[in-house]
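*Asks:* I have a structure here, written as structure tokens, and I will follow up with some questions on it.
All of the numbers you see were taken from the coordinates with simple rules; none came from a lab. This structure is a prediction, so every number in the text was calculated from the model and none was measured. Cβ placement follows ideal geometry from the backbone for every residue including glycine, while neighbour counts extend to all protein chains displayed.
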Amino acid sequence: MKRHRDQVDMLRRHILLGALASAAQPVLAQSLSPTPAQTEGPFYPDRLPLDQDNDLTIVAGHRAPAAGAITDLTGRILDARGTPLRGVVIEIWQVDNNGHYIHTGDAGAGNDANFQGFGRFETGQDGAYRFRTIRPVPYPGRTPHIHVKLRKGGRELLTTQLYVQGHALNERDGILRSIRDPMQRAALLVPFLPSRERPGELAARFDIVLGMTPAS
């Protein structure tokens with residue numbers, strides 16, 4: 001009889017432990033790894049352009065579009081639980097198709113006057129953002145990349161960079177390779193694929209995860 005009770009108690013313990021493990025799994029599945037930070041670099045615009053919207057391919061007052069592979073860059077800004085974050089201002093800046101920033105330290109006749117070079121967007125309830133830009137190109141010492149900065153209420157939340165997945169120069173880029181964890185490094189590598197909505201253009205998606213929920 002005692003042996004039978006012991007077997008029943010053991011079975012109950014196994015059932016209880018299994019139930020607890022199953023209950024814990026959804027919580028773990030919802031935990032997202034924060035997007036790694038990266039350096040701002042020397043070329044954050046020292047004179048912001050008058051045109052600061054989310055379409056970098058058209059400059060106000062110019063008829064011609066920017067040179068380069070036009071790209072829809074989209075994504076969502078989330079906290080570590082996967083909750084979309086509203087009211088976050090995302091800024092991007094990058095070189096033009098000739099490899100020049102809109103910065104007095106990198107200005108010259110080679111700059112594409114039709115490329116805005118810098119843009120801003122504020123997320124809504126769904127945490128989504130969208131930019132029209134170009135696929136980044138390399139410049140001396142760096143693989144193609146786009147700089148990204150997040151702000152809310154005047155507070156900086158994150159500065160990072162996104163990279164073109166599969167580009168040959170990625171393996172030689174010191175700033176990208178400074179991220180030792182392969183999973184974290186992979187989080188910054190973005191596919192630039194043919195757009196399904198706009199023939200002849202590209203689409204890229206970059207979701208950003210903040211380790212902490214910013215104060216409202």
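*Asks:* Using a Förster radius of 25 Å, what is the FRET efficiency between ARG81 and ALA186 based on their Cβ-Cβ separation? Nearest 0.05, please.
*Replies:* Taking R0 as 25 Å, the efficiency between ARG81 and ALA186 is 0.70.
*Asks:* If you don't mind, another one. Name the shape class, rounded, prolate or oblate, that the alpha-carbon gyration tensor gives for segment 133-216, where a ≥ b ≥ c are the square roots of its eigenvalues, rounded holds for a/c under 1.5, and otherwise prolate holds if a/b is larger than b/c and oblate otherwise.
*Replies:* Judged from the Cα gyration tensor, segment 133-216 comes out oblate (a/c at least 1.5, b/c at or above a/b).
*Asks:* What is the dipole size for segment 66-113, taken about its Cα centre, with +1 at each Lys and Arg Cβ and -1 at each Asp and Glu Cβ, in debye to the nearest 20?
*Replies:* 340 debye
*Asks:* May I pose another question? Quick one: Debye curve from the alpha-carbon atoms of segment 65-173 only, equal weights, vacuum; give me log10 I(q)/I(0) at q = 0.20 Å⁻¹ to two decimals.
*Replies:* Each listed q corresponds, in turn, to -1.10.
*Asks:* In addition: Excluding VAL137 itself, calculate the net charge of residues whose Cβ lies under 15 Å from the Cβ of VAL137, where each Lys or Arg counts +1 and each Asp or Glu counts -1.
*Replies:* -2
*Asks:* Ranking GLU197, GLU40, GLU156, GLU91 by Cβ neighbours within 10 Å, fewest first, what do you get? Provide the component values of the computation, followed by the final result.
*Replies:* Details: GLU197 7, GLU40 15, GLU156 10, GLU91 19.
Fewest to most other Cβ atoms nearby, the residues stand as GLU197, GLU156, GLU40, GLU91.
*Asks:* While we're looking at this one, here's another question. Using a 7 Å offset from the Cα along the Cα-to-Cβ direction at both ARG130 and MET212, what is the distance between the two label points in nm, to one decimal?
*Replies:* 3.3 nm
*Asks:* Specify which residue in the list ASN114, GLY99, ALA128 is farthest towards the positive end of the charge dipole of segment 28-155, using unit charges on the beta carbon of Lys, Arg (+1) and Asp, Glu (-1), about the Cα centre.
*Replies:* Going by the charge dipole, the pick is ALA128.
*Asks:* Which trypsin sites (Lys or Arg not before Pro) in segment 120-196 sit in a loop by DSSP (not H, G, I, E or B) and have at most 16 other Cβ atoms within 10 Å of their own Cβ?
*Replies:* Sparse-neighbourhood loop trypsin sites (Lys or Arg not before Pro): ARG180, ARG196.
*Asks:* For ALA109 and ARG155 in one chain, what is 0.36 nm times their gap in residues minus the Cα-Cα distance, to one decimal in nm?
*Replies:* Taking 0.36 nm per residue and subtracting the Cα distance, the gain is 13.0 nm.
*Asks:* Suppose every Lys and Arg Cβ carries +1 and every Asp and Glu Cβ carries -1, with no other charges. What dipole size does segment 31-210 come out with about its Cα centre, to the nearest 20 debye?
*Replies:* In debye, rounded to 20, segment 31-210 gives about 360.
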